[in-house]
Amino acid sequence: MPRILVTGAAGQLGTVLVTKLRERYGDDNVVATDLKPSEDGSFPLLSLNVLEYDDIKAIIQKHQINEIYHLAAILSAKGEKNPRFTWKVNLDGFINILEAAKECGVKKIFNPSSIAVFGPLTQKENTPQYPIMIPETIYGMSKEAGEQWSNYYHKNFGLDIRSLRYPGLIGYDSLPGGGTTDYAVEIFHAAIKEKQYTCFLNPDTILPMMYMPDAIRATLELMEAPAENIRVRTSYNIAAMSFSPWEIYQEIKKYIPEFTINYKPDFREKIARSWVESIDDTSARNDWNWKEEYNLSKMVEEMIFHLSPSAKLR
Ligand code: NAD
Ligand code: AKB
């Protein structure tokens with residue numbers, strides 16, 4: 001039975017992932033940690049700052065941890081406000097996890113990466129597994145460097161580190177934490193509550209996205225795949241859908257006809273334009289049988305249903 005440590009567990013992904021991990025492996029086998037308590041206090045959380053190396057080691061030893069999901073990070077938009085600190089949390093924090101794992105004999109680690117590793121020189125459509133990667137945000141730089149550190153610790157110290165380049169994640173039971181893709185969650189809450197949304201991206205800016213249940217399933221399937229199947233030790237491309245603000249608006253309007261949108265692009269538009277539009281995830285499909293379940297229309301239907309059970313469904 002795995003004994004799991006989750007860092008950054010109170011965030012958008014951690015909130016959902018911890019619940020799933022606990023369903024699967026039992027409450028006592030999943031130690032959730034973060035800087036702060038979870039927003040709704042939905043599960044017990046220990047305090048852990050990933051910049052505190054000795055504290056990481058103490059938690060690993062005390063709870064006999066043998067697997068780590070390292071989610072703690074500062075995302076793309078928030079990261080641009082304080083680049084040096086973002087680099088420190090995202091990269092030094094990850095290296096602390098790697099070193100503590102090596103020292104304490106923890107062999108298996110999940111380290112999420114992101115489509116933010118791509119940059120303006122990357123092939124924009126059907127982006128391959130190994131394209132040119134010169135990211136232009138500090139978040140993307142830290143994630144790209146983290147991928148190289150994962151590969152290095154795997155090759156040199158035998159750590160079984162696995163990773164996904166998540167697209168923007170969209171879910172109904174947690175809020176995003178300061179990214180460029182946050183609009184695709186905000187738009188649902190605004191559509192249901194205010195019937196109006198001001199989008200910080202242009203109407204035609206296309207980004208890869210994924211519905212949270214697909215992201216959780218991908219994570220668990222990757223982590224449970226036989227080690228010999230894992231042939232990418234930097235991070236796997238993974239895809240589900242791609243759309244623009246205009247396209248998701250049209251889809252939501254089918255359920256909330258009075259919903260209106262306007263556009264006031266800010267610095268996040270430049271970040272989004274530096275990323276890619278669609279992803280080739282053949283390696284993930286071949287190596288551990290990845291397949292998405294949700295496209296744009298199915299995701300929108302479920303989001304509206306969960307956020308507003310009284311909304312009129314087709
Ligand atoms: P989030 O911002 O919602 O949560 C991150 C959590 O990390 C927060 O709860 C924060 O308190 C915590 N944290 C920050 N600094 C910390 C520190 N020094 N020590 C301990 N905890 C700290 O982010 P998320 O969306 O849940 O993302 C989780 C992971 O998935 C991140 O690594 C992120 O890069 C990656 N990812 C997320 C998305 C997405 O769309 N949500 C897409 C691609 C990759
Ligand atoms: C962000 O927008 O920063 C994140 C991500 C795609 O990594 N959602």
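Every number here is computed from the coordinates shown, using simple stated rules; none is lab data. Keep in mind the model is a prediction, meaning the values are calculated, not measured. Positions of Cβ are generated from backbone atoms using ideal geometry, with glycine treated the same way; all protein chains shown enter the neighbour counts.
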Original post:
Can you spot a residue in the range 148-171 that is under 23 Å from Tyr255 (Cα atoms), more than 12 Å from ligand 2 (Cβ to nearest atom) and surrounded by fewer than 16 Cβ atoms within 10 Å (Cβ to Cβ)?
Top reply: no
Original post:
Among the residues of the range 2-22, which ones are more than 7 Å from ligand 1 (Cβ to nearest atom), among the β-branched types (Val, Ile, Thr) and touching a strand residue (DSSP E or B) at 6+ places or on another chain (Cβ under 8 Å)?
Top reply: Ile4, Val6, Val18
Original post:
With Tyr255, Tyr236, Tyr183, Tyr211 as the choices, which residue is more than 19 Å from the chain's Cα centre (by Cα), buried (at least 19 other Cβ atoms within 10 Å of the Cβ) and hydroxyl-bearing (Ser, Thr, Tyr)?
Top reply: Tyr255
Original post:
In the range 109-130, what count of residues is obtained for those that are buried (at least 18 other Cβ atoms within 10 Å of the Cβ) and touching a strand residue (DSSP E or B) at 6+ places or on another chain (Cβ under 9 Å)?
Top reply: 11
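Can you tell me which residues in the range 258-272 are β-branched (Val, Ile, Thr) and surrounded by 15 or more Cβ atoms within 10 Å (Cβ to Cβ)?
Residues of the range 258-272 that are β-branched (Val, Ile, Thr), as a first pass: 260-261, 271.
Ile261, Ile271, listed by residue number.
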Subject >> the range 143-172, residues that are in contact with a Leu (Cβ under 7 Å, 6 or more places away or on another chain), aromatic (Phe, Trp, Tyr) and not in a loop (DSSP other than H, G, I, E, B) >> reply: Trp149, Tyr153
Subject >> Test set (1) surrounded by 20 or more Cβ atoms within 10 Å (Cβ to Cβ); (2) under 30 Å from Asn156 (Cβ atoms) - Ala225 fails condition number >> reply: (1)
